[in-house]
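Novice: Here it is, the structure in full.
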Amino acid sequence: MRLQKIVFLSMVLLLTLMTVAIGGSYVLFTINNNREQQKDLFKTRAMILLDAAERQVLWDDRLAMKQFLVNEVKGSDLVNFAFVTVDGMPYVSTFSKGIPVALLQQPAVSEQPSVWEFQDTAGRVFYDIRSGKSPGGTVVHLGLKRRAIDRQNHNLFVAIAVISLVTTAAGILLAVVLARRATREIGVLADALRSYQDLNSNEDPAIFATSSDVAELVQSFKSLTEQRRLAAEEIHNLNMELEQRVKDRTSQLEAANKELDAFAYSVSHDLRAPLRGIDGFSLALLEDYADNLDTQGKDYLHRIRNACVRMGRLIDDLLQLSRITRGEIHLETVNLSDMVRNIAEELQRSDQSRGVDVQISPSVIADADPVLIRTVLENLVGNAWKFTRNTGRPRIEFGVTGDAGSKVYFVRDNGAGFNMAYVGRLFSAFQRLHKSDEFEGTGIGLASVQRIIHRHGGRIWAEGAERAGATFYFTLGEERNG
């Protein structure tokens, strides 16, 4: 019964809307068409009156001219006022208090008849029918009442309303019949839906369809229901299998992390001891047996010591990269501008002989892990400081672009730069685009930076040119975190 009511009400509503739309459209068309016809009719009337008015103006008989206009107003239910102007100045009118200023300030009149819509202080709308201007500058104005024009269609509106009511009543009766016929078979389908809605039910309820089409639909729905039940069972089995795989992978990941911790411990302790021994014995040879060594031997020992220092730095960088990968992130609101300023001051204190112009945008705020984001900025600003070493007027800039929802931070310098053909190697571990005798480094820093940015849900990229500086851009995924 509920479905039958819905179908019935929908059909009645549709039919009513169609009737109102068609009737309303026809009414509007009739109103506009009648207005245009009356405008054209009185344009012709104004042109006829213009000949008589021009003669009265020539004779300067204002009394006869005014009587002539008064008769014109009284002779038609549509005309509300009339007046004549000569060279744009009032000559004669039917207004008792003078011609309204708005009518005298209307656009200039051409030689052809025209219409200007006018609204008085009471809100009534009139059509000012203006004859074309005569050679002597005379213009006849006839004011038509729009409401009076529209009242001519009163009988038509009544007829349309009656027809709409009759049509709606007939549509309601038709909707009742069609709704009953349409919902009879739909009720059978609804019974089938209710009977097969439980996927776990093994019962096969009897559905009595009144037509072969409905019986076919019921059978198709029964088949689809069985397919859904089998699919649900398969999805359940897949979910169970997936959960087991996740548990297995989690166990493997935990084991791998434990092995990585053991490896990091081994690197931190077991590898440092031999390095310290090599460095210590090399220093002892240089200090105790310097007289027995020639220049080449001393050079070899210095190279061994330098290699030990580089190996130690490389071990430190590898340990830091390992900690970055495994540590937890603690997001806080961080003032990146203050952090970059602090880093630049530390670099300046470590190398006071250099005069680097550092430009920092004020109050750059971000949500990030303060320890990890400082590592990012130390690497990027430190690289900019390092690669501007041979630049005449070194400059480093830190700032942000974009709006609040998609901030892009950047560190820019005018240093050595790089060849964009090798930009894909920048963020790979142990990959260097400059020789170690030109610029020191292990090739781990930018790899660590990229991993930190990725852990924040952001991305990092670079642009540059050889001997023209480089710019590193990065995001921190504020859209996700916000």
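Laboratory data are not the source of any read-out in this text; all were calculated from the coordinates shown. The structure displayed is predicted, hence computed values, not measured ones. Using ideal geometry, Cβ is built from the backbone for each residue, glycine included, and neighbour counts are taken over all protein chains shown.
Novice: Using Cα-Cα distances under 8 Å and only pairs 6 or more residues apart, what relative contact order does segment 330-481 have, in percent?
Specialist: It rounds to 23 percent for segment 330-481.
Novice: Hey, another quick one. What does the charge count around residue 61 come to, taking other residues whose C-beta lies under 14 Å from its C-beta (Lys +1, Arg +1, Asp -1, Glu -1)?
Specialist: +1
Novice: Using the per-residue mean of other Cβ atoms lying within 10 Å as a proxy for protection, in what order, highest first, do the peptides 110-123, 137-150 fall?
Specialist: So the peptides 110-123, 137-150, ranked by packing, come out 137-150, 110-123.
Novice: Given N residues in segment 330-481, what is its alpha carbon radius of gyration divided by 2.2 N^0.38 Å?
Specialist: Rg over 2.2 N^0.38 Å, computed on Cα atoms: 1.00.
Novice: Sequence neighbours fewer than 8 away in the same chain don't count; with that in mind, list the lysines whose C-alpha is under 19 Å from residue 43.
Specialist: The reachable lysines, counting only those whose Cα sits under 19 Å from residue 43, are 74, 133, 145.
Novice: Right, something else. How large is ³J(HN,Hα) for each residue in segment 414-427, as worked out from phi by the Karplus curve 6.51 cos²θ - 1.76 cosθ + 1.60 (θ = phi - 60°), to whole Hz, x for Gly and Pro?
Specialist: Running phi through 6.51 cos²θ - 1.76 cosθ + 1.60 with θ = phi - 60° gives 10, x, 5, x, 7, 7, 4, 5, 10, 4, x, 8, 4, 9 Hz.
Novice: Provide the per-residue ³J(HN,Hα) series for segment 57-74, in order, calculated from phi with Karplus coefficients 6.51, -1.76, 1.60 and θ = phi - 60°, each as a whole number of Hz, with x at glycine and proline positions.
Specialist: Using θ = phi - 60°, the values come out as 5, 4, 7, 6, 9, 5, 5, 5, 5, 5, 4, 4, 6, 4, 4, 5, 5, 5 Hz.
Novice: Then there's this: Report ³J(HN,Hα) in whole Hz for each residue of segment 383-390, in order, from the Karplus equation J = 6.51 cos²θ - 1.76 cosθ + 1.60 where θ = phi - 60°; Gly and Pro get x.
Specialist: Calculated HN-Hα couplings, in order: 5, 4, 5, 5, 7, 9, 4, 9 Hz.
Novice: What do you get for Rg/Rh over segment 2-155 if you use C-alpha atoms and the Kirkwood form of Rh?
Specialist: Rg divided by Rh gives 1.23.
Novice: Report relative contact order for segment 2-155 in percent, whole number only (criteria: Cα-Cα under 8 Å, sequence separation at least 6).
Specialist: Dividing the mean separation by the residue count of segment 2-155 yields 26 percent.
Novice: Dividing the alpha-carbon Rg of segment 6-84 by 2.2 N^0.38 Å yields what?
Specialist: So segment 6-84 has a normalised radius of gyration of 2.00.
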